[in-house]
Amino acid sequence: MRASTIPRKIKSNIKLKQKLAFDAQTFLDSAGVARKVKEFKRAEGIYAQGDAASTVMYLQSGGVKLTVVNEVGKEAVVAVLGPGDFFGEGSLAGQPVRMGSATAIMPTTVLVIEKSEMFKVLHAEHGLSDLFIKFMLARNIRIEADLVDQLFNSSEKRLARTLLLLARYGKQDQPHGVVPKISQEMLAEMIGTTRSRVNFFMNKFRKMGFIKYNGGLQINTSLLSVVLHE
């Protein structure tokens with residue numbers, strides 16, 4: 001009798017956790033938060049490098065690429081973000097201007113929150129504060145992993161890892177498997193190689209069944225074997 005009740009208890013606990021989990025979207029949509037929703041078309045700029053940093057962004061839907069341009073005009077893609085991600089958070093750390101640019105890579109909806117308002121809600125709402133800290137820690141870990149990836153891994157491994165990240169692999173609370181529409185040129189910029197090399201590896205991954213094109217680029221979790229292979 002006791003054994004048969006365990007699954008029910010587990011299900012009950014899962015439902016309770018889901019009920020108690022902080023819903024950032026619902027909170028940010030509440031009337032008490034001074035914010036505005038903006039919609040962007042594919043390839044439309046959200047903000048540019050050098051713009052005044054006075055807001056924090058919360059990505060509701062779509063996708064955003066973050067880029068930086070050096071003194072000689074060379075552009076590099078430093079991140080591609082998906083729904084549930086924050087960006088522009090440098091304004092909270094005292095950055096007076098944007099250190100890079102943010103561009104929509106598909107039709108995108110963004111919640112724009114004034115810096116002063118973000119400070120206020122982070123102090124008042126512990127659930128949002130915890131979520132934001134968790135996001136920032138994950139972002140720092142990702143940056144460190146990206147650096148290691150660039151220094152020690154082959155371009156094939158870097159491409160495989162980037163595709164898995166773009167497909168939201170490992171994020172159980174979000175749909176994953178389908179990569180946002182992204183060009184091979186952008187992938188080449190992200191992993192530090194040429195478009196021809198990206199094209200070569202993409203064809204290889206397709207022939208091996210790691211990826212497929214079916215109304216969009218779909219990633220099989222078996223692609224992880226390329227990243228883990230020594």
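The values are calculated or read from the model by the stated rules, or taken from the named source; none is laboratory data. Bear in mind the structure is a predicted one, so any value in this text is a computation, not a measurement. Using ideal geometry, Cβ is built from the backbone for each residue, glycine included, and neighbour counts are taken over all protein chains shown.
Could you tell me whether any residue of the range 63-71 is surrounded by fewer than 20 Cβ atoms within 10 Å (Cβ to Cβ), without any contact (Cβ under 8 Å) to a residue 24 or more places away in the chain and within 23 Å of Thr193 (Cβ to Cβ)? Yes: one or more hits.
Residue-level check: of (1) surrounded by fewer than 17 Cβ atoms within 10 Å (Cβ to Cβ); (2) in contact with a Ser or Thr (Cβ under 8 Å, 6 or more places away or on another chain); (3) at pLDDT below 90, Gly45 misses just (3). If you scan the range 32-42, which residues turn out to be surrounded by 13 or more Cβ atoms within 10 Å (Cβ to Cβ), in a strand (DSSP E or B) and modelled with pLDDT under 90? The one that is surrounded by 13 or more Cβ atoms within 10 Å (Cβ to Cβ), in a strand (DSSP E or B) and modelled with pLDDT under 90: Arg35. Any residue in the range 49-57 that is closer than 24 Å to Leu166 by Cβ and either modelled with pLDDT under 85 or assigned to a strand (DSSP E or B) (or both)? Yes: the range 49-57 contains one or more residues that are closer than 24 Å to Leu166 by Cβ and either modelled with pLDDT under 85 or assigned to a strand (DSSP E or B) (or both). For the range 62-86, a residue qualifies if it is closer than 16 Å to Asp146 by Cβ and in a strand (DSSP E or B), and the qualifying residues are Lys65, Leu66, Thr67, Val68, Ala76, Val77, Val78, Ala79, Val80, Leu81.
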